[in-house]
Amino acid sequence: MSATVQSETPLLEVRGIGKFFGNVTALKDVSVQVGAGEVTCVLGDNGAGKSTFIKILSGVHRHDEGQLLVDGEETHFSSPREAKERGIATVFQDLATVPLMSIWRNFFLGSEPTKGRGPTRRVDVKFAQETMVAELRKMGIDVRDPDQPVGTLSGGERQAVAIARAVYFGAKVLILDEPTSALGVKQSGVVLRYVAQARTRGLGVIFITHNPHHAFPVGDRFVILNRGKLVGAWKKGEIERDDLVKMMSGGAELDALAHELERELQRPEATA
Amino acid sequence: MSKHSTASGPAPAAPSPAAAAPPPTPVADERLANIGTMARLLRRPEIGALLAAVVVALFFFTQNSLFLKLDGISNWTDVASTIGIPAVAVALLMIGGEFDLSAGVMTGSAGLMLGILATEVGMNIWLAILLTLIAATTVGFINGYMVMKTKLPSFIVTLATFFILQGVNLGVTKAITNQVAVSGLDTAAGYDSANKLFGGSFWAPHDFRITVLWWIAITALATWVLARTRVGNWIFGVGGDADAARNVGVPVNQVKIGLFMTTSFVCALTGIMIALRLASTQAGQGVGDEFQFIIAAVVGGCVLTGGFGSAVGASLGALIIGMAFIGIQFSGWNTDWRFLFLGVILLVAVLVNNYIRKRAEGARG
């Protein structure tokens, strides 16, 4: 599948992007791309620069170096709203839905469909409920009752509501911020399936995670960040799961650490 | 809950045979009808208040059968209406995640301002009403703006407003009238027509208060706004999770400031109604009433942390308070007992709400 995708212009691409906060380099020379029907996994441990990276892509921060290209056209986002208008939707892990509100009210919050004019202008509840049920059905979720509060859904299903909403409102690129980090094994699997479904429907997905086991099964491209820099970039098939895991957990660093600990244990007087 | 498709057949029109799961094929929803009417009812915020209202009404009826006769009903709906009108606005504000402790004293401020403009300044009463409503809405704007700008809890900001208004009410009234009240509104130009609309009564022998009609109209309007307008959806959103609402493009600050303005406006309207009817206002009018409004809203199912509640519920809460105040009189008991009643019913309501909220937020039904 990748062969056809690669020849096209990526939906979203960054080239040699960098961001500084005062004299701190948060991100330096990072290049990542995602095409239609592709999942690009951005992996990194805490402090690797993942959140700065998301914030540049979603329009919260402006980049200081490099290029940001949407459909091959260089862009600077001045606000999250602008990124959204260009079809780039970010689903934040915790800040996606309102637990006490019903599913359909959540789905259309901020973009409610209306009918009627003047004082009789009102939310088209029937349309909203039917659309929400249909959109979630496309993701394999069968909503029995549109009035059910989102808080009664599982964590994975809540992510799905946020993803389905972003897709319905015209997202071409979906940025998922650690969608599985707060979830159990089973629920993570559920979310990964939604990621795969979004790809099947032709979206570009940037999947941010620190878990290589979650990234490997769904990813078409893999990028590892460490301390604000690109450690490496691979396409599916160019890297094995074990290598990805090893790179992520800082294989070389771990070896050095093991070596060091060994020495310390052999010479206890050194620490005294 | 939802049902995940576990079908694993080949994807019919999928462009890739890759790791993508096959398009889901949810089974036709045969369980739709099985959602119990009971479960649906329990999800309504006002169901507890409705049951409580029936129980309270029947209880006082056993004490004095006059309680459920038209003359009795006109008595307690009168009391309930002037609690219920502001309680509906306070409920909207609470659903939006904020408090207004200056709501009670605002009814007094409005009555005093109206009285001073009409009697001391000699203004036509209609013009005085207009200016009073504008002034109150401005105070509401300041409340909301301060809360949003400072990000302090509205509890503290409006507590300050409460004391400022209380001080102004006493100070200004004493300075102008040399008394602790403003009276003689009925001598002002336009009083009769204004009183007919805001303070009078209807249904001759039983004398229902016109404020009861206002109460019903305002409850209906608020219910419509909450259930069927975009702003209503935003009110639930900003109260439930302001950050999530902001992320999807809801103008959080405007919604909340608008709610503060609405609350002050409606409270002032209530103060005007009371002032017209009595043709006078005491300088201490309304102090402490804010708690009755909040109790009515909470008894009606509003959650203290916002995002959940209803206007009908707040009105039912006000109805219960009105019935209790009059019922205790009708039963021939000392009226001081009404505070005990308020305390108990508030405690029960908070416990029930807490249980419901936990179910809605966390439990898997």
(message) Nearest 10 degrees is fine. How inclined is helix A:155-168 to the longest principal axis of chain A, computing both from alpha carbons?
(response) 60
(request) Enter the angle in degrees (range 0 to 90, nearest 10) between the Cα long axis of helix B:252-278 and the first principal axis of the Cα atoms of chain B, meaning the one along which they spread out most. (result) 30
(message) So if I take the centroid of the Cα atoms in the stretch A:187-231 and the same for the stretch B:141-176, what is the distance between those two points in Å?
(response) 52
(message) Quick one: 3J(HN,Hα) in Hz for the stretch B:181-194, Karplus 6.51/-1.76/1.60 with θ = phi - 60°, rounded, Gly and Pro as x.
(response) 8, 10, 9, x, 4, 5, 8, 6, 5, x, 4, 4, 5, 5
(request) Report, in degrees rounded to the nearest 10, the 0 to 90 angle that the Cα long axis of helix A:251-266 makes with the longest principal axis of chain A. (result) 40
(request) Quick one: dipole size for the protein assembly as shown, taken about the Cα centre, charges +1 on Lys/Arg Cβ and -1 on Asp/Glu Cβ, in debye to the nearest 20. (result) 1000
(request) Have a look at A:223, A:156, A:99 and report the one farthest towards the positive end of the charge dipole of the stretch A:2-239, computed about the Cα centre with Cβ charges (Lys/Arg +1, Asp/Glu -1). (result) A:99
(message) Given a 10 angstrom Cα cut-off, can you work out which residue in A:231, A:167, A:91 is the most mobile in a GNM of chain A?
(response) A:231
(message) Please compute the modelled spin-label separation between residue B:229 and residue A:9, points set 7 Å along Cα→Cβ, answer in nm with one decimal.
(response) 4.4
(message) Expected output is a single nm value to one decimal: the length gained when fully extending between residue A:79 and residue A:127, i.e. 0.36 nm times separation in residues minus the C-alpha distance. What is it?
(response) 14.2 nm
(request) Name the residue, out of A:81, A:117, A:165, whose mean-square fluctuation peaks in a Gaussian network model built on chain A with Cα pairs under 10 Å. (result) A:117
(request) Pop out the ³J(HN,Hα) list for the stretch A:221-232 in order, Karplus 6.51 cos²θ - 1.76 cosθ + 1.60 with θ = phi - 60°, rounded to Hz; leave Gly and Pro as x. (result) 9, 10, 10, 10, 10, 8, 6, x, 10, 6, 7, x
(request) For chain B, just run the numbers: alpha carbon Rg, then divide by 2.2 N^0.38 Å, N being how many residues it has. (result) 1.17
(message) Kirkwood Rh over alpha-carbon pairs of the stretch A:144-190, then Stokes-Einstein at 25 °C and 0.890 mPa s: what D in µm² s⁻¹, rounded to an integer?
(response) 208
(request) Arrange A:61, A:214 by Cβ neighbour counts within 10 Å, fewest through most, would you? (result) A:61, A:214
(request) Taking amide H positions as placed in the peptide plane 1.01 Å from N, state which residues far from residue A:86 in sequence (5 or more) or on other chains have amide H under 5 Å from it. (result) none
(message) Under a Cβ-only charge scheme (Lys and Arg +1, Asp and Glu -1), can you give me the dipole magnitude of chain A about the Cα centre, in debye to the nearest 20?
(response) 1140
(request) Quote the charge dipole size of the stretch A:1-155 about the Cα centre in Debye, to the nearest 20; the model charges only the Cβ of Lys and Arg (+1) and of Asp and Glu (-1). (result) 620
(request) Determine the relative contact order of the stretch B:46-357: mean sequence separation of Cα pairs under 8 Å and six or more apart, normalised by residue count, in whole percent. (result) 37
(request) List the residues of the stretch A:208-232 whose backbone N lies under 17 Å from a point placed 7 Å from the Cα of residue A:31 along the Cα-to-Cβ direction. (result) A:221-226, A:229-232
(message) Given contacts defined as C-alpha pairs under 8 Å and at least six residues apart, what's the relative contact order of the stretch A:2-239, whole-number percent?
(response) 29
(request) Count charges around residue B:312 for me, please; just the other residues with Cβ under 13 Å from its Cβ, Lys/Arg as +1, Asp/Glu as -1. (result) 0
(message) Using the basic label-point model (7 angstrom from Cα toward the beta carbon), what is the residue B:141 to residue B:59 distance in nanometres?
(response) 4.5
(message) As I understand it, the dipole of chain B uses +1 on the Cβ of Lys and Arg and -1 on the Cβ of Asp and Glu, about the Cα centre. Which of B:140, B:288, B:274 lies farthest toward its positive end?
(response) B:140
(message) Using only the alpha-carbon atoms of the protein assembly as shown as identical scatterers, what base-10 log of I(q)/I(0) does the Debye formula give at q = 0.11, 0.12 Å⁻¹?
(response) -1.05, -1.17
(request) Quick one: grab the alpha carbon gyration tensor of the stretch A:109-246, order the square roots of its eigenvalues as a ≥ b ≥ c, and give me rounded if a/c is under 1.5, else prolate or oblate depending on whether a/b is larger than b/c. (result) prolate
(request) Over all alpha-carbon pairs of the stretch A:2-239, lay out the pair-distance distribution in 5 Å bins, whole %, shortest bin first. (result) 1, 6, 14, 18, 19, 16, 11, 7, 4, 2, 1, 0, 0
(message) Can you tell me how the stretch B:243-365 classifies by the Cα gyration tensor, rounded, prolate or oblate, using a/c under 1.5 as the rounded cut?
(response) oblate
(message) Restricting to DSSP H runs of at least four residues, report the calculated mean residue ellipticity at 222 nm for the protein assembly as shown, -39500 (n - 2.57) per run over all residues, nearest 500 deg cm²/dmol.
(response) -17500 deg cm²/dmol
(message) Run the count for the stretch A:1-159, please: Lys pairs, Cα-Cα under 16 angstrom, 8 or more apart or on different chains.
(response) 7
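Taken together, the values in this text are just the output of simple stated rules run on the coordinates, not laboratory data. Small disclaimer: the values here were computed from a predicted structure and weren't measured. Cβ sites come from the backbone with ideal geometry, for glycine too, and all protein chains shown count toward neighbours.
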